[in-house]
Structures are given as structure tokens and as C-alpha cells.
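Here the structure is laid out as C-alpha cells; the discussion comes afterwards.
We did not get these values from a lab; they are worked out from the coordinates using the rules stated. It should be emphasised that the depicted structure is a prediction, and the values quoted were computed from it without experimental measurement. Note that we place each Cβ from the backbone using ideal geometry, even for glycine, and neighbour counts take in every protein chain shown.
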Amino acid sequence: MKEKLVVFSGAGVSAESGLKTFRDMGGLWHEYALEEVASPKGWRANPAAVLRFYNERRQAVLQAQPNAAHLAIADLEAVFDVVVITQNIDDLHERAGSSHVVHVHGEILKARSSVDASLIHVLDKPTIELGEVCAKGSQLRPDVVWFGENVRHMVACEQHFATATRILAVGTSLTVYPVAGLVEVASDAAERYFVSPEIQKLPYGFRFLQGPATVVVPHIARCWLEGRQPE
Ligand code: BV8
């Protein structure tokens, strides 16, 4: 029986693949007012602006490549039962080879009906345009969770955190709830690491390993694969 490892990732794990993070300087929210482009209110007020915001980011995702951190996380499946719980809407964990990825905030490469959330499909082109409608005739939207919308798979994620013997949080500022609260559900017996290039509020019981994901995550993976504690 393999030990369960939960990898909890945020925008920082995809930063070195060239995808912008939300809160670092020059991040997405500095260029856009989030309530205008990532909320139901913004969607109702100006769907074209919202579609443009996500079309731009989807093009960037399609041009991005998984980086050494995504690949190291996929490699850990050789010895651990790895569950990747990601706040990211890109598919870089999957393209790196991770086989169990939970997108709590949805996926930018999928479109869904704006009146029936069960009508979802994988996009076969890079954009969603105004006037493209679902089978029920309503405008298609990105299959992502906006501010003020309910997040997905929380109960399953709480169980994963509670039963994991190792937890690796990488590239998240832990500012968006309720998902950020998952780190508090971790068992005290779990080995917990937090990876980021800068000091920030450290969740209780986590060891801080400072540095960029593409350096620190492969280092941790090497130590774990050799049965050692990362120093
Ligand atoms: C909810 C998908 C219940 C879309 C995202 C008023 C009304 C309603 C709700 C609220 C409210 N006030 C507050 C809330 C709660 C709200 C919230 O938390 N707001 C924040 C702003 C305070 N949450 C919600 O609305 C959630 N839903 O509450 O539902 C409800 C229902 C109905 C009515 C009322 C309530 C839903 C939130 C989901 C929003 N969607 N994403 C999209 O992507 O466009 S959130 C989005 O932002 C991400 O998914 C992620 O969660 C978050 C960004 O955080 P991070 O990923 O951590 O990224 P960030 O840039 O912040 O940090 C990057 C980190 O990486 C940094 O630490 C940096 O140091 C590090 N880093 C940088 N480079 C590297 C690196 N690390 C390693 N290597 C590097 N190279």
C-alpha cells in the first residue's frame, strides 16, 4: 500500500512555465479588476470582456510547457499514491504525467453552458466567442469557478488532506477561501512542506523550503525517492 501524498498547488507552480500568477507584481489582478473578469456579476455586465480575459489566458496555457516541478510531481507517482489538488485552471500537471488531478477551481480548456452546469465539453479551439451557445441556446462560458461561486470537490479534498501522510504545498499564497483552509485539515502526523520563493504566512505544522518550484520540488522529490528527509 503506497503512502498517500497530497500535492496542493497554486499559480506559483506554473509561474516558471510562463503563466502569470495572480498576486505577484504584474500578476493578473493588477491588470484586471477581478470582480469584472472573474465573477458572475462581471459576466452579466460584460461577457465579452470576460471571454477576452480567458481567451488570452487559454492561449498562454496552450503555448506553455510543464516545468521541472510539474514533472517531479508526476515522477513521485512511482512510490506514492499522489493526489494533486490544484487551484490552477491549466492542464500542466496532466501534461507532465500526473494521473490524479483535482481542479477545485475548474479548467480553462473546458467550456460549459451558462444555464446548465452539467453541459461541459473540452474545447477543440483556443477561444470561446460571444454568440457561441450550448445545446440549450445559452452563451458558453469557461468551465472555471468565479468569485462568489461554489468551489468543487471540497469534501473529497478534505478527506485527502486528512488521510495524507505527506503534504507538499507549492506556489500558493493561501489567500482564496474556502480552498486555502484545506491546509488546516492536514493530520498532525503528516510530513508537511511549503514551497515558495518568498517568506509568507506559513500554515501551522508546515516546514518552509524557500526557493522557486523548479529547484525545490525536484530536490524534495529526489530526497523522497531515495528515502531521505529533504533538508
Ligand atoms: C466561495 C479560477 C461560497 C478562476 C479562482 C465576497 C463574496 C463572495 C465570496 C467572497 C467574498 N469575499 C471573500 C470571498 C471568498 C472568496 C475569496 O476567497 N476571495 C479572496 C479574494 C479573499 N472566495 C470565493 O468567492 C470562492 N467561492 O466563497 O463560494 C459563496 C458562494 C456564493 C456566494 C458567496 C460565497 C471561489 C473562489 C474561486 C475564484 N477562482 N480561480 C481563474 O483562475 O480565473 S481563484 C484564483 O486565485 C486561483 O484559483 C487561486 O485560488 C487564487 C490565486 O491564488 P494562488 O494560486 O495562490 O496564486 P497567487 O498569485 O495568489 O500566489 C502565487 C504564489 O506563488 C505566491 O505565494 C508566490 O510567492 C508563489 N510563487 C511565485 N513564483 C513562484 C512561486 N512559487 C514557487 N515557484 C515560483 N517560481
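Annotations for the structure displayed:
- Burial order of peptide ranges 65-71, 141-147 (average beta-carbon count within 10 Å, highest first): 65-71, 141-147
- The modelled label-to-label distance for the pair residue 63/residue 208, using points 7 Å beyond Cα in the direction of Cβ, is 3.5 nm.
- Per residue, the chain reaches -8000 deg cm²/dmol at 222 nm when only DSSP H runs of four or more residues are counted, each adding -39500 (n - 2.57).
- Oblate is the label for the stretch 172-231, because a/c, from the alpha-carbon gyration tensor with a ≥ b ≥ c as root eigenvalues, is 1.5 or above and a/b does not exceed b/c.
- Amide H within-cut-off set for residue 106, under 5 Å, with H built and near neighbours excluded: 145
- Among 1, 154, the order by Cβ neighbours within 10 angstrom, fewest to most, reads 1, 154.
- Where GluC sites (Glu not before Pro) fall in DSSP loop in the stretch 110-167, at most 12 other Cβ within 10 Å: 129
- Close amide H pairs (under 5 Å, H built 1.01 Å from N) link residue 196 with 209, 211, residues at least 5 positions away or on another chain.
- For residue 110, the lysines whose Cα falls under 26 Å of its own Cα, not counting residues fewer than eight places away in the same chain, are 20, 41, 125, 136.
- 5 angstrom amide H check on residue 133, placed H, neighbours 5+ away: 140
- Mean Cβ count within 10 Å, highest first, over the residues of peptides 219-227, 7-15, 101-109, 175-183: 7-15, 101-109, 175-183, 219-227
- Distance between the C-alpha centres of the stretch 138-158 and the stretch 176-231: 25 Å, rounded to the whole angstrom.
- Given charges at Cβ of Lys, Arg, Asp, Glu: the chain dipole, positive-most of 218, 73, 99: 99
- Shape category assigned to the chain from the gyration tensor of Cα positions, a/c cut at 1.5: prolate
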